[in-house]
Amino acid sequence: MSDNSTHDYEAASKSMEVQEAARRRRSKRIVSLHLVPDHLGNSSLRIEVIGSIIVLAVLIAVAVAVGVTVSNKNKNKNLSKEASPSSPNPSGDTTSTPGNSTNGNSNDPSVFTKDPNLHKSFYGMAYTPEGSLMPNCGNSLTSVIKDIQAAPISTHDARSLLEAIKQTKVDMEVYVGNYVLPDDDASYTRQRDAIKDAIQTYGEDHIAGITVGNEFMLKYEDEQLAFVGAAKLIPYIKDTRDMLASLSLSKNIPVGNSDAGSYFNTEVLSAVDYGLSNVHAWFAHVTAEDAAGWVTTFFEDTNVKPAALLPNNPKMYIAETGWPTKSSDAASESNGAGTASIAGLQTFLDNFVCQANTNNIPYFYFEFFDEKWKDIQFGGVEGWWGLFNADRTLKDIKIPNCASP
């Protein structure tokens, strides 16, 4: 394969550290949300997600990954219809626990008071609802609504998310993800049809993009196999575009791809409108103090600059970045330079969030809360990346308070 073939993009930074990071992140979900101006000049929440197939029995048999994020732009515009502090809810209770909202009307999910300990500072937030992974799927619309009210954040199921948006009346857009598996046309088709059904049911107003593939090219990490992976993935991307065209929608819905930071492929990126990059300093063996700078430099040099050279100039996002707070075993507690700790998380937050906002870097923070299934399946630090504990209580940290891009 020649130097300017399909693997030109990722060849720029094939460090062992990033390869390790990519392998460790195969199971991760990507979610994001930010405020963008609509055609009336108002601001609306945009959600961006990549993830796995899930099942929500009540709403849809085969689901697709989606998510929500939190933003700080346009602070005067509430994310939802909230109970006013000067007008207590019917119960008279206006207090809340970190990570939880006060529901002013149990029969109206759109009326609730947000937690004052939280700030809409993050450009985006990675989130996976509990019970969202096959074969042990079992999340519910009720839990989706509660998560929207708490952060607000939502689920990986397109229909349940759109239904929750409808019920809570939050001003959001979502990026719906199709988790493509190699040589599994049936899986892709099920998810594509579920996305199509969600669009036909709820319309396109709250859908900002469709992401085809999450770390798909990572499975073809050998340079000699890169063209094989691209040849498999690109037809799915084109088919998704054809599906959208067949609906004759009132707006153009972008189609993108997500992958580990050093594994984006030139041909794949040339076929999409945006790319979502997983960039984790922890797996590059740097300290918490140096992590923010490493993430920013890596993303700019490895993703942004190469993408800008492509004819279609796809917009690049940091899809995952964060810092773990503990490890389930002593051997994984340190990455060789830093330690998984609350102090490390606070340092990364202090050094990254506001600086990234100031520099207009689009990122999706990893992640909303600790996920038990990751700890059970992978061990080490994998289950301990949340800003919140698994019970949705905020960890002993202070959320930065600054305007997101």
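Brief remarks follow.
- Residue within segment 306-319 that is aromatic (Phe, Trp, Tyr) and not in a strand (DSSP E or B) present: no
- Pairing each residue of segment 377-405 that is closer than 20 Å to ASP350 by Cβ and among the hydroxyl-bearing types (Ser, Thr, Tyr) with any residue that is open to solvent by less than 60 Å² (accessible area, probe 1.4 Å) and in a loop (DSSP other than H, G, I, E, B), provided the two are 6+ apart or on different chains, yields C-beta distances under 7 Å for SER404/SER71; SER404/ASN72; SER404/LYS120; SER404/SER121; SER404/PHE122; SER404/TYR123.
- Search result, residues across segment 361-374 that are modelled with pLDDT under 95 and either of a type in the set (Asp, Glu) or assigned to a loop (DSSP other than H, G, I, E, B) (or both): PRO362, GLU367, PHE368, ASP370, GLU371
- Restricted to segment 167-186, and to residues there that are among the charged types (D, E, K, R) and modelled with pLDDT under 75, the residue that is nearest to PHE216 (Cα to Cα) is GLU173.
- PHE369 vs. criteria among the aromatic types (Phe, Trp, Tyr) and farther than 20 Å from VAL295 by Cα: yes
- Hey, LEU218 of a type in the set (A, V, I, L, M, F, W, C) and modelled with pLDDT of 95 or more or not: no
- Qualifying residue in segment 242-249 (condition: modelled with pLDDT of 95 or more, open to solvent by 10 Å² or more (accessible area, probe 1.4 Å), out of contact with any Gly (no Cβ under 9 Å at 6 or more places or on another chain) and on the phi > 0 side of the Ramachandran plot): yes
- All positions within segment 250-268 that are open to solvent by 40 Å² or more (accessible area, probe 1.4 Å) and touching a helix residue (DSSP H, G or I) at 6+ places or on another chain (Cβ under 9 Å): ASN252, GLU267
- Just so you know, in segment 194-224 the residues that are closer than 22 Å to TYR274 by Cα and of a type in the set (D, E, K, R) include one that is most open to solvent (accessible area, probe 1.4 Å), and it is ASP205.
The values are calculated or read from the model by the stated rules, or taken from the named source; none is laboratory data. Owing to the predicted nature of the structure, the values given are computational and were not obtained by experimental measurement. Note: ideal-geometry Cβ built from the backbone for every residue, glycine included; neighbour counts use all protein chains shown. Accessible surface areas use protein heavy atoms only, side chains included; no ligands, DNA or RNA. Shrake-Rupley method; radii C 1.70, N 1.55, O 1.52, S 1.80 Å.
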